[in-house]
1. Just want the answer: with Cβ charges of +1 for Lys and Arg and -1 for Asp and Glu, which residue in A:LEU360, A:ALA506, A:GLY89 is farthest toward the dipole's positive end in chain A?
2. By its C-alpha gyration tensor, with a ≥ b ≥ c as the square roots of the eigenvalues, how is chain B shaped: rounded for a/c under 1.5, else prolate for a/b larger than b/c, else oblate?
3. Please find the FRET efficiency linking B:ARG149 to B:ARG219, where r is the Cβ-Cβ separation and R0 is fixed at 56 Å, and quote it to the nearest 0.05.
4. Would you mind checking the tilt of helix A:186-201 against the longest principal axis of the Cα atoms of chain A, expressed as 0 to 90 degrees and rounded to 10?
5. Report the paramagnetic label zone for B:ILE44: residues of segment B:281-302 whose backbone N is under 16 Å from a point 7 Å from Cα along the Cα-to-Cβ axis.
6. Among A:ILE70, A:VAL270, A:LEU304, whose Cα projects farthest towards the positive end of the dipole of the protein assembly as shown, with charges put on the beta-carbon of Lys, Arg (+1) and Asp, Glu (-1)?
7. Using the 10 angstrom Cβ neighbour count as an exposure proxy, how do A:CYS307, B:CYS234 rank, fewest first?
8. Nearest 10 degrees, 0 to 90: what angle lies between the long axis of helix A:445-460 and the longest principal axis of chain A (Cα atoms)?
Amino acid sequence: MTASAPAYEHDVIIETLGVTKQYGGITALNDVTFRVRRGSVNVLIGENGAGKSTLMRLLAGAERATSGTIRMEGRELDLRSPRDAARHGIAIVHQELAVLGNLSITENVFAGRELVQRAGLVDRARELQQSSAAMSELGMPLDRWALNLPAETLSLGCRQVVELARSLACGAKVLILDEPTSALSASEAESLFRVVLDLKARGVAVVYISHRLHELMLLGDYFTVLRDGRIVGESERGKIDRTWIVERMSGRPVETTASHHQRASSMPSVLELTGLCSRETGRPAVDDVSLSVGKGEIVGIYGLLGCGRTELMESLAGLREPDEGEVRVRGIKVKLDSVSAAIRAGITLAPEDRQRDGLLPDLSIAENISMASLAEFSHKGILDRRDTMARVRQLVTQLRIVAADLHLPVTALSGGNQQKVVLARCLMRRPSVLLLDEPTRGVDVRAKSEIYKTLRELAAQGLSVLFTSSEIEETRLLADRVLVMARGRIAAEFNADCFTDEDLFAAASPVARVGA
Amino acid sequence: MRSWGWADVVLLLLKLRALVVLVALLVLFTALTPTFLTTNNLSILAKHVSINALLAVGMTFVVITAGIDLSVGSIAGLAGMVAGGLLTVGIGGHVAPAWLAVIVALLVSASVGWLNGIMVTRLGVAPFIATLGTLYIARGAALLLSNGRTFPDLAGTAARGNTGFTAIGQSFILRVPTPVWMMVVIAAATAFVAIRTPFGRHVYAVGGNERAARLAGIRVERVIVWTYVFSALCAGLVGMIIASQLEAAHPATGESFELNAIAAVVLGGTSLMGGRGTVGGSLIGACVIGVLADGLVMMGVSEFWQMVIKGLVIVGAVTVDQMQMKVQARMMPALLRSRSKITKVPM
């Protein structure tokens, strides 16, 4: 694998030469030679656990290789810390955003390398000016007041932009983007693409990691596929197609289509909302939403970030009491004033941000799954462990969770399997309605298709599923019926296979509704 | 300039609530006891406040990094004993001049702080436990220095060349006690460091999200170690102020001072979860505790009731703190919409 680099149009700026990384007995990277070329988008592809993130951590100085070397512009580098890497012009935007919530946008942009004036004081005027410029360049012009807001008040999409601004402001030569669009809406992703192309034109070497194939095909100049810690394919733009990527990634053909459920018109409605309103400080976040989900039906809500889909899900899960409107489950009116009320009514939610709202990182896989159902499996206050484990095992099989040992901490699992753990916890309560907010965020292609398949099976057994998504492809693959949300309202409704991407996108864009 | 909305006023009042409480207490005690607002009483009050305020200001950075320093009281005791021992007994019959005693005592204090920092960062000991350990270690060391006895006569004599130590706690500058000046200067300098230097910003970053701070290239360990060293230095200074005022170093000096300091920090709005807090808040917190104690004494409230009231004030303050966070979180979207010119990206 350490043969000399093939001659391509762009020259190599940084490369790893025969790098191996071991954690204890596990080999995360095995003799990897990965080349990053100047002024181009270098796509790194692989399933979760293939070693992409480890490789990027090596390049970003967050970890050191067990053996092998990293060379930049012909010179060998010894990156001991993220600081070292930053000094050499290597910047990384992490998948789990590394934004400091309590610091302002400006302070985040310059965190770790503050601009100082004489006497070692922070030069706030210059920082404000430069961060303002960087944010504008990223399509997010902010005034002074906004730049001084704590970053925790921003949405995930905006935090991402802040991280990008950080790398821009330090004049990075190599910019690593680890799943940059997993938290972004379609329009935010598009502005990100523009930025990436702009950076590339300026000679920055971009390393791009994503599970969204259409992005990779759109942006990528050079493609490298990792599988089980080894490089299994390298190619360049124009020489490959989706099938090439998918086959190398998984080492086998991947099933991406799911047969749609033929919806019987007489399907009894399980969940029914009429005129649901939920206000966020006076402004309606959910505005007069009526919808119904039938028994065994999968209904998708497509919408951009901030369209009210999360608020709708939270209203149904009992996290925010609706201000107006009525919710019926199996024809019986329910008052959703708390999570336990929603659960009693048979509604359970798998939240959008599984790291923050879903998983208990210190607990084991089994404990995470059974967490919400302990009362059900207890007799006189004593937990029946055998019963619990039996049910957990059943769910693990049903959801195809791949785990060596269910007593390992949940953090030992890949993103896809972690998401399945969250699903398993919801299902353990045997809900009649399952709510999913972005069911496959940060999940690789194969785990995605497995999750879709499982959800279809569950629906066939009579479970009603209501999910939200900002991915058109996901909505298309999973939903029997699609509702489009914009500005808190249901803007359109489509039956499966009766819409084009443009239909969805147009209905979801708030711009199209201005003045309407 | 922007116009001020109702939301800003509510937020500002909530933010400044410690100050509001302080002013309310001052008004209350002035109205209830005629002798409260006298130069004499205020001078005594300021001296008392300065002790706790120095400890609280020193500990603020530690608490912002989501740590805690239980050892400050013991460090104060140890510093007083080291200085007192060098001044009066000395080493091998040679007594040290006041300036040398002060420097050595500060160095000893700093090294205890450094030990705290090393335990927290390199050895991974939880701050509560690490500083609980040094609380005992430093107190034990203070007792060992004199076998539990007091070092008297710190005023010194010209003949032995050990005078001047009493100036620390007893002198006046512009008719204001020197310890009060120390409190003001150190608090101002610390607040300045917090706001205007990279170090200050790193302290907030580490407390907000240690992992993210590390990924941003901040030297997390170094920052944390320095916060403990600074806290210990302030504690050492306090120990010497007390020894200087009493003209004697007693090994039990500073017992349970750490609790008052933590109370002041928390009253000032610094979150024990880290990432949030101000030096000015800690200063005001120390003033609230001091004024409350002083005023209640002057009103003749029993010592036992004083403790009950102090406890209620602390718990009440933190309750309001939680309410502020909730109100702020709820008003933020409205503020964002009305105030920001964000054009493209929804927030």
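Rule-based calculations on the coordinates, nothing more; no lab input. These numbers come from a predicted model, not from an experiment. With ideal geometry, Cβ positions are generated from the backbone for all residues, glycine too; neighbour counts draw on all protein chains shown.
1. In chain A, that residue is A:LEU360.
2. Oblate.
3. The value I calculate is 0.80.
4. Helix A:186-201 sits at roughly 10 degrees to that axis.
5. B:290-302
6. A:ILE70
7. Lowest count first: A:CYS307, B:CYS234.
8. Its long axis makes an angle of about 0 degrees.
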